[in-house]
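The values are calculated or read from the model by the stated rules, or taken from the named source; none is laboratory data. Predicted model only: the values in this text are computed from it and were never measured. Cβ atoms come from the backbone with ideal geometry, glycine included; neighbour counts cover every protein chain shown. In case anyone asks, the SASA skips ligands and DNA or RNA and just uses the protein heavy atoms, side chains included. Shrake-Rupley method; radii C 1.70, N 1.55, O 1.52, S 1.80 Å.
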Amino acid sequence: MGRKRKALPGPIREYEKKGYRIQKRSGTYYIYLGYPVKDPVTEKKAVKYNTAVGKYSEKTGFVPAENGRNTRSADNDGSGEKKKHAGPDHVSHDTMPPAPSHTEKCILTPDSCGALNAIMQTAGFSCGMPDVKSRAERRRAKKEAAEKKKWLRRLEKLAAELRDISKALSDAGINTDAPEYCRLSAGKADIIREISSMTGRFGSNTCAVYVLTLLEDILDEMAGDKEHRDLYFTSPSDFTRDSKINLKELVIFLMTNGALTLDKALFNQFSLTGDVPTASALCQQRTKLKPEGMQYLFHSLIKRPAPPVPKLWKGTWRVLAVDGTDTNVAYDPSLDSYVRNGDAAGYNQLHVNCMYDVFGQYYCGSLIQPKGKMNEPGAVRIMISSTEFKEKAIIMGDRGYGSLNLIETVMRTENLEYLIRVKENYIKEISCLELKEQDVDISFEIVTSRTKENREKIKEGKCKYLSGKSKYGKDKKDVAWDFEDGVMMNIRVVRFRLSSGNWETLVTSLSRDEYSMEDLKELYHARYQIEYGFRYLKYALALSFYHSRKEDMIRQEIYAGLCAYNICSALTGYAAEAKKKADETIPEDERPRLDYRINTTMGIYIVVDFLRKRGNVAYDICAMITSYMVPVKPGRSFARKVRPRSWIPFLYRA
């Protein structure tokens, strides 16, 4: 057992109870008062006892300090007599230093911005250190003060952005104090979006604040939705307690971890806090978040985009490319993703089907299937059924999407058309066409029953047979047609020669009177943007490097990667627009000989750094992205090199 502490004298005990620090040297007790201080490097708060109050001994009694310094000699008033003090109850209040105040409030009230005023008036934050007595209360108070200071800094940044917007509104003669602009019921991201869309001023910095705030708003909605928590989380009680890896930190980690090991990625994200969680703690938190939760976040970010004018083809059409990509996962023959490879050992792959806005450059739909059970046309039909097409849109697909069932689905969907590349022997009606440039229409009937009359029509080439649904409600394995019997189909076929000498055949529902063969060539050439999207998704965002062997966790990472790509694309797009407007003011004789574009890989890296640090960066994100430019050299083409790639084990990560 340790040595027992000797009891303090009565007067000194009173000082200790009030929070003073007591030190004993050579039989004399020295009394110090502490003040809250902040470490400039770690930003941690502590109490520093650097102000002397006095000293006490049995011989001299209590002696107050002179100018904040304790002296070993007794206090003397000049008469040669030493003064004795009975204790803290008899000390004059003039000699006692004032206690640190913790009741002052910091309220931001920018002028002429009603929406911000409404937010800031409700944000009164305590700036001092409370006078706590126990260690638990002191720790809880420090955590609360740090959280309040963090939100205070964030609101200050928001105030600076909205002050500029408010000035533009005032210059335009709009009253920002009107009730319709003061919507406390709306989220912070919605307020930024509404005010910015009214002025047309939505620069990259404001967009970065909007996207980060929107992400946090959606996660707050998920955490606060008690009715649907079982859809997002494994248990309704998940993410209800305070944790170093809360829901927001977990989602940010999934979007920014890259190809690093778990320990390195955790260090990058939490190193500034000085308290880095373990990889085991992260894995436990990941099991609480279902892949459906990340899928909901992905679709929520799509439904509430930033407010720029959408990029349309011919000013009318929204162009959506559909394609899929394979991604290697850990070897496990017992899973549906296992694919046999002849006599050799098989492999496991997931097929990620995506719908991509070609001119907006973001993913607007996704469906993940096991490689052995993939059905690309069926996946597109599911994505179409779950998407609301408010504007006119065109679905573009490669040769794997020439399904008559998919074409009929598109034709029965409002505001939707199609443009699909097919093989030369796609159907009999197309294989019979001459191998020359032509633009023709073909018609035929789809039947789902082999009656005597239908068999005769099939022999004559007047109709085509496709396996339809059972008339008696039974489940059929192979269903190639989901509609009624006897449907007439009219298809426009366009065939032309490429510069390589090969022939290309397109089928479309677009009118020949409005869109010529050259228009369709130009439009289909833009489909290749989805291939660039897959490249940046797999390598710039390192989506080929997963951090789990379980397929549910891999699906979780895939949807997180899609969310990160959309955010990066939005911010780099705003930076590109700002750069373009700035270049228009440069005289033509001073412009560079080559055209330049933003280095997308570096743009993604900068945005990922912005997300990882939750917006607490020292640089201007728009200027930083536009500082990395590469020249555009048209007319360059290279042969595609296909290299087989396998799943990369955890031991061989960067």
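Is it fair to say Leu510 is in a loop (DSSP other than H, G, I, E, B) and more than 25 Å from Val380 (Cβ to Cβ)? It is false that Leu510 is in a loop (DSSP other than H, G, I, E, B) and more than 25 Å from Val380 (Cβ to Cβ).
Considering the conditions (1) assigned to a helix (DSSP H, G or I); (2) free of Cβ contacts under 8 Å to residues at least 24 places away in the same chain; (3) closer than 26 Å to Leu571 by Cβ; (4) not hydrophobic (A, V, I, L, M, F, W, C), Gly315 is excluded by exactly one of them, (1).
Taking the stretch 525-554 on its own, how many of its residues are more than 15 Å from Asn257 (Cβ to Cβ), open to solvent by 50 Å² or more (accessible area, probe 1.4 Å) and part of a helix (DSSP H, G or I)?
Narrowing the stretch 525-554 to residues more than 15 Å from Asn257 (Cβ to Cβ): 525-536, 549-552.
Imposing the further condition that a residue be open to solvent by 50 Å² or more (accessible area, probe 1.4 Å) reduces the set to 525, 528-529, 532, 535, 549-550, 552.
Adding the requirement that they be part of a helix (DSSP H, G or I) leaves 525, 528-529, 532, 535, 552.
Counting residues in the stretch 525-554 that are more than 15 Å from Asn257 (Cβ to Cβ), open to solvent by 50 Å² or more (accessible area, probe 1.4 Å) and part of a helix (DSSP H, G or I) gives 6.
Only one of the numbered conditions (1) open to solvent by less than 70 Å² (accessible area, probe 1.4 Å); (2) over 23 Å from Gly400 (Cβ atoms); (3) of a type in the set (D, E, K, R) is not met by Arg512, and that is (1).
To keep it simple, each residue is scored yes or no on (1) closer than 24 Å to Ala570 by Cα; (2) of a type outside the set (Phe, Trp, Tyr); (3) part of a helix (DSSP H, G or I); (4) in contact (Cβ under 8 Å) with a residue 60 or more places away in the chain.
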| site | (1), (2), (3), (4) |
| --- | --- |
| Ile604 | yes, yes, yes, yes |
| Gly615 | yes, yes, no, yes |
| Ala618 | yes, yes, no, no |
| Ala623 | yes, yes, yes, no |
| Gly635 | no, yes, no, no |
| Arg640 | no, yes, no, no |
| Arg643 | no, yes, no, no |
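Scanning the stretch 600-620 for residues that are among the hydrophobic types (A, V, I, L, M, F, W, C) and either buried (at least 19 other Cβ atoms within 10 Å of the Cβ) or within 15 Å of Lys538 (Cα to Cα) (or both) returns Met602, Ile604, Ile606, Val607, Val608, Phe610, Leu611. Total residues in the stretch 420-476 satisfying the condition of being of a type in the set (Val, Ile, Thr), exposed (fewer than 12 other Cβ atoms within 10 Å of the Cβ) and within 20 Å of Gly400 (Cα to Cα): the figure is 0.
Conditions tested, residue by residue: (1) of a type in the set (Lys, Arg); (2) open to solvent by 30 Å² or more (accessible area, probe 1.4 Å).
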position	(1), (2)
Gly346	no, no
Tyr356	no, no
Gly365	no, no
Lys371	yes, yes
Asn375	no, yes
Ile384	no, no
Glu391	no, yes
Ile394	no, no
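Out of all the residues in the stretch 320-351, which are under 17 Å from Tyr546 (Cα atoms), of a type in the set (Ser, Thr, Tyr) and assigned to a loop (DSSP other than H, G, I, E, B)? Residues satisfying the conditions are Tyr331, Ser337.
Out of the stretch 251-263, which residues are assigned to a helix (DSSP H, G or I), touching a residue at least 24 places away in the same chain (Cβ under 8 Å) and out of contact with any Lys or Arg (no Cβ under 7 Å at 6 or more places or on another chain)? Show your work before the answer.
Narrowing the stretch 251-263 to residues assigned to a helix (DSSP H, G or I): 251-256, 262-263.
Now restrict to residues that are touching a residue at least 24 places away in the same chain (Cβ under 8 Å): 251-256, 262.
Matches in the stretch 251-263: Val251, Phe253, Leu254, Met255, Leu262.
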